[in-house]
Amino acid sequence: MYKFLCSSAVALFIIAATTTCSVQKNSATSPMVVSTSEVARVENALASDEMRGRKTGSPEIDKAADFIAGEFKKAGLQPLAGDSYLQEFVMLRPRLGELKYTAGGIDIDRKNIIVITGQASLNVDEKSGYTVATISAGENLFSKAQSFAAAKKNTIVLVDTSMSKNFARLTGLKRQIFRSPFSTIFILGSTLPNGFKITTTHSFEEIRFKNVAGILPGRSRKGEQVIFSGHYDHLGVGKPEAGDSIYNGANDDAAGITAVILLADHFKKLGNNERTLVFVAFTAEEIGGFGSQYFSQQMNPATITAMFNIEMIGTESKWGKNSAFITGFEKTNMGEILQANLKGTAFQFYPDPYTKENLFYRSDNATLARLGVPAHTISTSKMDSEPNYHKASDEVKTLDLDNMAQIIKAIAESSRTIVSGRDTPSRVKAESLQ
């Protein structure tokens with residue numbers, strides 16, 4: 001350790017050095033400082049027994065939403081739209097009344113037709129002007145069906161009979177639907193029969209949901225958005241395990257929301273993001289990804305530069321500490337950008353090692369990814385051996401909070417050239433969409 005004589009020159013040097021350090025601390029390259037105590041504070045709030053597992057539709061998930069909104073306000077974010085951080089939307093749970101499918105006045109088996117509609121009554125025939133589409137043998141039935149159901153047009157979809165064993169599973173698409181003037185009808189068969197007529201009646205239960213979303217407006221590239229997200233819902237109260245019936249969801253996905261909250265605070269303090277940053281906590285991931293689907297409908301995918309979806313980062317990855325994987329790594333060059341920004345650090349991002357699990361299309365990044373956005377999920381979950389996944393034992397005490405703090409720091413560091421506008425990830429190509 002060096003010792004210096006006290007002099008006016010030395011004093012001036014100290015003042016200059018102190019000023020320089022202050023500037024560096026607030027520069028765009030300043031590393032994020034993440035305290036384990038702050039990680040623990042947020043984690044313990046979201047995964048407490050008082051939140052009772054944050055089940056979608058419960059009073060406790062509303063309490064969690066209010067907590068996240070309060071954290072966004074404290075960080076200094078602006079609401080994404082209007083004067084509230086709560087992005088509220090309504091879905092419908094249909095109850096089928098009548099369903100008749102006839103051709104030339106002859107009844108056709110109801111098992112061959114599934115109707116997705118928000119209309120109380122529906123009468124469709126050859127003159128109704130519906131677009132006719134097909135799902136052919138060998139295509140991804142469920143992914144294609146979801147795309148047709150989300151399209152803003154009246155559509156009859158003919159499903160190849162080779163998919164007859166799985167056809168009935170498409171009824172899952174109608175368990176909860178967004179309010180829409182458009183209907184989608186799936187028919188098992190290769191052609192529409194002459195003189196067909198479809199008649200249905202439905203009643204509906206309204207279900208209200210809430211995402212939580214805030215923004216930091218950009219400077220020179222305000223019209224381009226970078227999204228940091230996770231889901232805050234979990235399973236609620238379920239079957240007791242060792243006397244514990246609360247499925248706290250500390251890793252799944254209070255861990256991701258903790259990261260989103262701390263990243264919001266970090267980037268607000270830096271105050272130099274050239275692109276607009278959007279921070280969002282999605283609801284209803286566990287029951288169908290409805291929160292991210294609704295959010296995506298409110299955004300213009302063409303203006304979204306990148307999406308960092310953060311899911312289950314509370315445990316070590318298969319490579320140990322200071323590591324995580326990126327789903328869909330090969331679909332864009334975003335992972336390469338993140339790796340380059342971490343060069344020289346102890347942290348390493350890897351491609352998803354669990355490709356057979358199709359994780360790229362199983363989390364909240366999927367809707368925007370299908371629209372071409374470089375939207376990826378960052379995770380450390382060992383999908384082949386995660387002992388507390390969807391169990392009552394998923395509690396804060398099972399997490400490595402120190403390692404989690406390093407992961408959050410790595411996400412901040414790896415994203416800096418995207419946030420600053422220096423790097424723009426390539427888009428998900430149409431041929432790789434499912």
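In table form, for the structure just shown:
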{"quantity": "Relative contact order, percent, segment 300-434 [alpha-carbon distance under 8 Å, six or more residues apart]", "calculated": "41 percent"}
{"quantity": "Whole-angstrom gap from segment 287-360 to segment 61-97, using each part's C-alpha centre", "calculated": "24 Å"}
{"quantity": "Estimated dipole of segment 109-192 in Debye, rounded to 20 [Cβ of Lys and Arg +1, of Asp and Glu -1, Cα centre]", "calculated": "340 debye"}
{"quantity": "Local net charge near residue 345, Cβ-Cβ under 15 Å (Lys/Arg +1, Asp/Glu -1)", "calculated": "+3"}
{"quantity": "Segment 137-186 - percent relative contact order, Cα under 8 Å, separation 6 or more", "calculated": "53 percent"}
{"quantity": "MRE, 222 nm, helices only [DSSP H, n ≥ 4, -39500 (n - 2.57), over the chain, to nearest 500]", "calculated": "-8000 deg cm²/dmol"}
{"quantity": "Listed values (1) 99, 58, 44; (2) 70, 58, 52; (3) 104, 51, 42, entry calculated as Cα extents along the principal axes in Å", "calculated": "(3)"}
{"quantity": "GNM top mover of 126, 330, 413 - the chain, alpha-carbon springs below 10 Å", "calculated": "126"}
{"quantity": "FRET efficiency, residue 219 to residue 297 (Cβ-Cβ, R0 22 Å, nearest 0.05)", "calculated": "0.20"}
{"quantity": "Listed residues 108, 82, 255: farthest to the positive end of the dipole of the chain (Cβ charges)", "calculated": "82"}
{"quantity": "Interchain or long-range residues, amide H under 5 Å from residue 233's placed H", "calculated": "284, 285"}
{"quantity": "Sequence ranges 398-410, 192-204, 359-371, 316-328, ranked by mean other-Cβ count within 10 angstrom, highest first", "calculated": "359-371, 398-410, 316-328, 192-204"}
{"quantity": "Cut-off 12 Å between beta-carbons: net charge of the residues surrounding residue 297, Lys and Arg +1, Asp and Glu -1", "calculated": "+2"}
{"quantity": "Average Cα contact separation per residue, the chain, under 8 Å, 6 or more apart, as relative contact order %", "calculated": "20 percent"}
{"quantity": "Residue among 159, 278, 42 with the largest mean-square fluctuation in a Gaussian network model of the chain, springs linking Cα atoms under 10 Å", "calculated": "159"}
{"quantity": "Net +/- balance of residues flanking residue 142 in space, Cβ distance below 12 Å, scoring K and R +1, D and E -1", "calculated": "+2"}
{"quantity": "Span from the segment 126-168 Cα centroid across to the segment 103-122 one, whole angstrom", "calculated": "14 Å"}
{"quantity": "GNM top mover of 374, 387, 351 - the chain, alpha-carbon springs below 10 Å", "calculated": "387"}
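Bear in mind these aren't lab numbers, they're just calculated from the coordinates by the rules spelled out. Bear in mind the structure is a predicted one, so any value in this text is a computation, not a measurement. Positions of Cβ are backbone-derived with ideal geometry, glycine not excepted, and every protein chain shown enters the neighbour counts.
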